[in-house]
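Right, one structure below, let's go through it.
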């Protein structure tokens, strides 16, 4: 493409760049988080090198700078690099305690589950291998094939109280990953290469595109994404050598514009999802964008897929921005609230209540967690309470079994403080999590009531 041709097509290239940016956003974002965990970033308590579990030893608080973490379970996260061979995953007997290991590929697709719902709570071992692996499989092991060589296991183990943490820690230490070569008595494989690095000569304005270029080469997408790859090729993303070191000025202009437009589109989709009549946005189907790879514990059915692939790309990007590593709705359902029953934004300048005439029907547990806006981090408060739910000590119920939760920045008073979820002084966005939701939730017969402003 000549410089003049490029110049004449800058608007068209910018719109193409917007589409490609949305397509690649989850991959770039996810690999950054995976790389930071493996490198020991202080942003994460679950620090561990590749192919090892890192554990959060306490429930998440405001110090965790990660999008929308839960405050119900202890996280155990393993970043995986399977290029040097398979790994053997060992899981312990949890004696009925809820847990889930969610397998997330580099593109943020949930491709497998191990845990209470999917495989039970008994002691088990599984073989984790790259897609296409044809080597030995130890007797009795089920194989989980990963769509990308770099991926993650996101584990969550139910914590009932602070006093329960010791028992959970003992369980966490029994989740292990062992190279198959070592498991079979041989030598350990070479150290994992990990997340690819961008060319350091690329300037900050195009650094995202360079990160996408090297990530795409390391983690190819499914063949069905061919149309997007053709667009990416026009923008230089499939080039072996970086075209962003000394970029054509018109191409750089288009990429910068595409970044801006793509970012705005992701924010718009994330915030403007259809809401229920009571103001809740359901994320039940926000993680249905995996259309290609279904391993152990997933449901490969039309009702858990976004049939329009273009729409799936947009939903995937918005999900990464607003709730990275969320589960499919059949494992855990998330409900987001931005507004009150009058349609006004939720803000700590007001006082609110959420009256649950019937608590959510779940097979595991439910909770409401508070987040600030726009970062979606947990909110520091004087009673160190970041979520409230059916396991909250002292939670009061009405004689009819109903539960009223008070959302405000200051205490509602001694009689109501047991049911108080503190808010920040300004905008906030709570999330209701329903773990192992029952059919009434999944088919819509159970709906959350709205958050009502009191003052």
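For the stretch 109-183 versus the stretch 212-241, the inter-centroid distance based on Cα atoms is 30 Å.
According to the calculation over all Cα-Cα pairs in the stretch 280-453, the P(r) per 5 Å bin from zero is 1, 8, 16, 20, 19, 16, 10, 6, 3, 1, 0 %. Taking the stretch 415-455 and a reference point 7 angstrom along Cα→Cβ of residue 276, the backbone N atoms nearer than 12 Å belong to 432-434, 440-451.
Based on the mean of other Cβ atoms within 10 Å per residue, sort peptides 175-185, 71-81 so the most packed one is first. Walk me through the numbers before you get to the answer.
Working: 175-185: 15.7, 71-81: 25.0.
So the order, starting with the most tightly packed, is 71-81, 175-185.
Fully extended, how many nm does the chain gain between residue 162 and residue 296 (0.36 nm per residue separation, minus their Cα-Cα distance)? The partial results should precede the final answer.
Numbers: separation 134, 0.36 × 134 = 48.24 nm, distance 3.23 nm.
Length difference between fully extended and current span is 45.0 nm.
Once the Cβ-Cβ distance of residue 355 and residue 134 is raised to the sixth power relative to R0 = 56 Å, the FRET efficiency obtained is 0.45. With the cut-off at under 20 Å, measuring from each backbone N in the stretch 411-433 to a point 7 Å along the Cα-to-Cβ line of residue 404 picks out 411-423. Taking every alpha-carbon pair under 8 Å whose residues sit at least 6 apart, the chain reaches a relative contact order of 18 percent.
Going highest first, how would you order 431-439, 161-169, 120-128, 401-409 by mean Cβ packing within 10 Å? Display every interim value, and only then the final one.
Working: 431-439: 20.9, 161-169: 13.7, 120-128: 16.7, 401-409: 18.3.
Highest mean packing first, the order is 431-439, 401-409, 120-128, 161-169.
Note on the chain: helix-only mean residue ellipticity at 222 nm, from DSSP H runs of 4+ residues weighted -39500 (n - 2.57) and normalised by residue number, equals -7500 deg cm²/dmol. Straightening the chain between residue 411 and residue 344 buys 21.9 nm, computed as 0.36 nm per residue apart minus the Cα-Cα spacing. One chain, two ends: residue 90 and residue 309. Fully extended at 0.36 nm per residue, the span grows by 75.3 nm beyond their Cα-Cα distance. Distance from the Cα centroid of the stretch 366-424 to that of the stretch 17-34 is 34 Å (rounded to whole angstrom).
With volume of the Cα convex hull per residue in Å³ as the read-out, I listed (i) 154; (ii) 175; (iii) 309; which label goes with the value calculated from this structure? Of the listed options (i) 154; (ii) 175; (iii) 309, (i) comes from this structure.
A short reminder: the numbers here are calculations on the coordinates, not readings from a lab. Please read all numbers here as calculations on a predicted model, not as lab measurements. Ideal geometry is used to build each Cβ from the backbone, glycine not excepted, and the neighbour counts take in all protein chains shown.
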